[in-house]
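Some notes on the structure that comes next.
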Amino acid sequence: MNLQKHKKALELFAHLAGWAVFFKLMLPGDGLMPHSSYHFIANILLLVGYFYLNMNVLVPRLLSKKKVAAYLGVTLLCFFLICFAMPSLVQPLHGFDRPPEMPFPRRPLDLFPPQGAPLRQGMISRWQLYGMRMHNPTIQFLFVFIISAGLKVLTQWYREQQQLMEMEKSKIEAELSFLKTQMHPHFLFNCLNSIYYMTLSKDDKAPKTVLSLADFLRFVITESDSSLIPVEKEINMLKEYLNLQRLRISEKFELSFEGEGDFGEYSIMPLTFIPFVENAFKYGISAHSNCFIHINIRMENGMLAFACDNSVMPAVKDRARSSGVGLENIKKRLALAYPQRHSLEISEDSLAFHVKLQIRIV
């Protein structure tokens, strides 16, 4: 509210300052053409009225709606009334004293004094010359016309740009929210699927896995409601997920996690790392073969680097599945949350599947 008041006060001050400068140029000076007070006041009122009429009515209601012919017609009518009709009416009613002849210098070179030299008789200053020009009704009208139309056009363009930015921001937030709602059931489905196979094999870890899943989901639902969370919380969420997965992996599985750098002051979109790690667990481990998942997270000068490498299992024939709902979801979320501020490389060779993500956070 205070910001709005300050904005209005600043706008009022700018208008008053602008009119003060304009009136100063219109005021008669030494030897300049003095008009009668009635004519001068009437001229000012008409110009001020036309300024706000053009800025607040004609431009938004005619020019902005592409009614160019009507706009030009009204503008020409105002020009005729202000520059010709009004002086013709005021002059016989109140009189009009013609100005005395200007004592122009005999030599054209003496029109302006040299730089820093004092004015001599017969010379005029540049300010007086500008004042003489501003006494021309046509120049006065054109000046007011250009300033009023230009201000309104620029103001409308700025507001339209702000509205477009707000709409784009709202669209991005809505799409991110939708993708996040997709993420939760997708992750829950994969976890329940793992627990299902554990119960089929009558694994004693199944009850503990259910409890760990409940704790992890509570943590995910609480933190992921925010648009941004501290990087440390995102890493803790990932660690909880890894602890949950450790309950069902075999002895032939190698899991490593490394974190480097100071994460304390930075924030990130929630559920950024887990989709890649989830994909690695889904397609990169086996109970019968040696397998691995290596995770590294590094922060340096506002650049967050995430890398995840997992073994390639020959049993997984359809590698296209590794670019399923989870990865497509996070790709869209990254594109919306970090446009032009992130890079994602996903590759595969005969030994491993590689994910490299970099995000410029600040």
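FYI, it's all coordinate maths here, none of it is from the lab. All values reported here derive from a predicted model rather than from experimental measurement. When we count neighbours, we look across all protein chains shown, and the Cβ atoms used for this are built from the backbone with ideal geometry, even at glycine.
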So which of K202/K252; K205/K356; K252/K331; K205/K233 end up more than 22 Å apart by C-alpha?
K205/K356; K252/K331; K205/K233
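In the neighborhood of R298, defined by Cβ-to-Cβ distances under 13 Å, what is the net charge if each Lys or Arg adds +1 and each Asp or Glu adds -1? The partial results should precede the final answer.
Working: positive: K356; negative: E258, E260, D262, E300.
Residues near R298 contribute -3 overall.
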How high is the FRET efficiency from I139 to E11, r the C-beta distance, R0 35 Å, rounded to 0.05?
0.85
Would you pull out the residues with amide H under 5 Å of S267's amide H, same chain only if 5 or more places away, H placed 1.01 Å from N?
V231
Magnitude of the Cβ-charge dipole (Lys and Arg +1, Asp and Glu -1) of the range 218-308 about the Cα centre, nearest 20 debye, reported as 480 debye
Taking the alpha-carbon centre of each part, the distance from the range 65-88 to the range 207-223 in Å is 73 Å
If packing is taken as the average number of other Cβ atoms within 10 Å across a peptide's residues, how do 146-157, 351-362 rank, most packed first?
351-362, 146-157
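Below 14 angstrom from the Cβ of V153, what's the summed charge of the other residues (Lys, Arg +1; Asp, Glu -1)? Each step should come with its number before you reach the end.
Values: positive: R61, K65, K66, K152, R159; negative: E160.
Once all neighbours under 14 Å are counted, the net charge is +4.
If you rank K233, K7 by fewest surrounding Cβ atoms within 10 Å, what's the result? Please list the in-between numbers first.
Working: K233 17, K7 10.
Placing the least packed residue first, the sequence is K7, K233.
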Separation between the L200 and A335 pseudo-spin-labels, each 7 Å from Cα along Cα→Cβ, expressed in nm?
3.5 nm
Through the Karplus equation 6.51 cos²θ - 1.76 cosθ + 1.60, θ set to phi - 60°, convert the phi angles of the range 52-60 into ³J(HN,Hα) values in whole Hz; use x for Gly and Pro.
6, 5, 5, 6, 9, 10, 5, 5, x
Expressed in nm to one decimal, what extension gain is obtained for the pair S289 and M313 from 0.36 nm per residue of sequence separation less their Cα-Cα distance?
7.8 nm
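FRET efficiency for M167 and I221, Cβ-Cβ distance as r, R0 = 35 Å, nearest 0.05? Spell out each step's value before the answer.
Working: r = 29 Å, r/R0 = 0.83.
E(calc), rounded to 0.05, equals 0.75.
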For L211 and W19, calculate 0.36 nm times their separation in residues minus their Cα-Cα distance, and state this gained length in nm to one decimal.
61.8 nm
Which of Y52, Y71 comes first, and how do the rest follow, when ranked by fewest Cβ neighbours within 10 Å?
Y52, Y71
Long-range HN-HN contacts of F257 with modeled amide H, under 5 Å:
I295
The range 341-349 - phi-based ³J(HN,Hα) in whole Hz, Karplus 6.51/-1.76/1.60, Gly and Pro as x
10, 8, 9, 10, 10, 10, 9, 8, 10
